[in-house]
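Q: Below is a structure I'd like to ask you about.
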Amino acid sequence: MGIGGLAPEPWLRAALAAFAEDVRGLGPVVDVGCGPGTVTAHLAGLGVDVSGVDLSSKMIGHAQRLHPELRFSVASATELDLEDGSLGGILGWWSLFNLPREVLPEVLASFARALVPGGQILIGTHVGDGDVARTEAYDGVPVQWTTHLWQPEQLDALVASAGLEPVAQLRLPASGQSRPQVLLSARCRLRP
Ligand SMILES: C[S@@+](CC[C@H](N)C(=O)[O-])C[C@H]1O[C@@H](n2cnc3c(N)ncnc32)[C@H](O)[C@@H]1O
């Protein structure tokens, strides 16, 4: 699936609409691993106060060129230095699967700490088992990265360990040459 292009994906747009409705007004939202900013701009169009960060300065260059009205910066998901209780939401839209397996729990814990009560994360990723070395992507572009595949239940457990409460999970079946995908949202509990 060409994740990142939203036009052919009504269920993905529906998930973003629900996320936007839930977090709008709670505080700023960060699109972590925003790539060229397609989804960042989509959320901004839904009235969310959103900015994007990406490890790749080239991606951020594209995002700034394509969406000059939005804020983008270069940073790694592992070193965001997020202030506790400062964000309404955090998006990890097919951008966290490169993180080494042992690093993802720490990153999710840092996301959980950064949320305001009621704030949400929304994470989409490839479903499967094991780690896949990729040498080609985007219809023939040479790349060098490892995709760490996750089962939805494993992600549920990581999110629960981070102290977040599940909100929704959307599973998309394998389609054509693409693997199954999962999208899950979870929120910081409201203080009693
Ligand atoms: C498949 S692209 C998805 C981009 C965007 N979320 C979208 O759907 O259009 C994955 C993105 O994650 C970024 N990325 C990978 N590892 C990252 C990290 N540790 N911190 C921040 N971004 C990262 C890559 O540079 C790339 O732009």
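Since every read-out is calculated from the coordinates, none of them should be taken as a lab result. Predicted model, so just to flag it, every value in this text is computed and none were measured. Every residue, glycine among them, receives a Cβ derived from its backbone with ideal geometry; neighbour counts consider all protein chains shown.
Q: Pull out the extension gain between Glu136 and Val74, defined as 0.36 nm times the separation in residues minus the alpha carbon to alpha carbon distance; nm, one decimal. Show your work: numbers first, answer last.
A: Details: separation 62, 0.36 × 62 = 22.32 nm, distance 2.36 nm.
The Glu136-Val74 span can extend by a further 20.0 nm.
Q: Hey, another quick one. Mind jotting down the distance between the C-alpha centroids of segment 141-192 and segment 39-84, whole Å?
A: If you average the Cα positions of each part, the centres end up 20 Å apart.
Q: Can you tell me the length gained on complete extension of the stretch Gln154 to Leu66, counting 0.36 nm per residue apart and subtracting the Cα distance?
A: Details: separation 88, 0.36 × 88 = 31.68 nm, distance 3.55 nm.
Gain on stretching Gln154 to Leu66: 28.1 nm.
Q: Using 7 Å Cα-to-Cβ label points, what is the Leu46/Leu82 separation (nm, one decimal)?
A: Each label point lies 7 Å from its Cα, and together they span 1.7 nm.
Q: Does the chain come out rounded, prolate or oblate by the C-alpha gyration tensor, with a ≥ b ≥ c the root eigenvalues, rounded set by a/c under 1.5 and, if not, prolate when a/b is larger than b/c and oblate if not?
A: Details: a/c = 1.40, a/b = 1.16, b/c = 1.21.
Taking the square roots of the gyration eigenvalues as a ≥ b ≥ c, the chain is rounded.
Q: Antiparallel DSSP bridges in the chain: what percent, to the nearest 5?
A: Numbers: 22 of 40 bridges.
Around 55 percent of the beta bridges assigned by DSSP in the chain are antiparallel ones.
Q: Moving on. About the Cα centre of segment 64-104, how large is the charge dipole given +1 on each Lys and Arg Cβ and -1 on each Asp and Glu Cβ? Please answer in debye to the nearest 20. Walk me through the intermediate numbers first.
A: Numbers: 3 positive and 6 negative charges, 56 e Å.
Its charge dipole is roughly 280 debye.
Q: Hey, quick one: spin label on Asn98, modelled 7 Å out along Cα-Cβ, who in segment 146-168 has an amide N within reach, i.e. under 11 Å?
A: Output list for this probe position: 146-147.
Q: So what are the ³J(HN,Hα) numbers for segment 90-103, from phi and the Karplus equation (6.51, -1.76, 1.60; θ = phi - 60°), rounded to whole Hz, Gly and Pro as x?
A: Once rounded to whole Hz, the list reads 9, 9, x, 8, 6, 9, 10, 6, 7, 5, x, 3, 6, 8.
Q: Sticking with this one: What are the ³J(HN,Hα) couplings of segment 122-134, residue after residue, when phi is run through the Karplus curve with 6.51, -1.76, 1.60 and θ = phi - 60°? Round to Hz, x for glycine and proline.
A: Once θ is set to phi - 60°, the couplings for segment 122-134 become 9, 10, x, 7, 7, 9, x, 10, x, 10, 10, 7, 9 Hz.
Q: Would you calculate a helix-derived [θ] at 222 nm for the chain, using -39,500 (n - 2.57) for each DSSP H run of n ≥ 4 and dividing by the full residue count, to the nearest 500? Could you put the intermediate results ahead of the total?
A: Details: 5 runs with 53 residues, N = 192.
Using -39500 (n - 2.57) per qualifying helix, the result is -8500 deg cm²/dmol.
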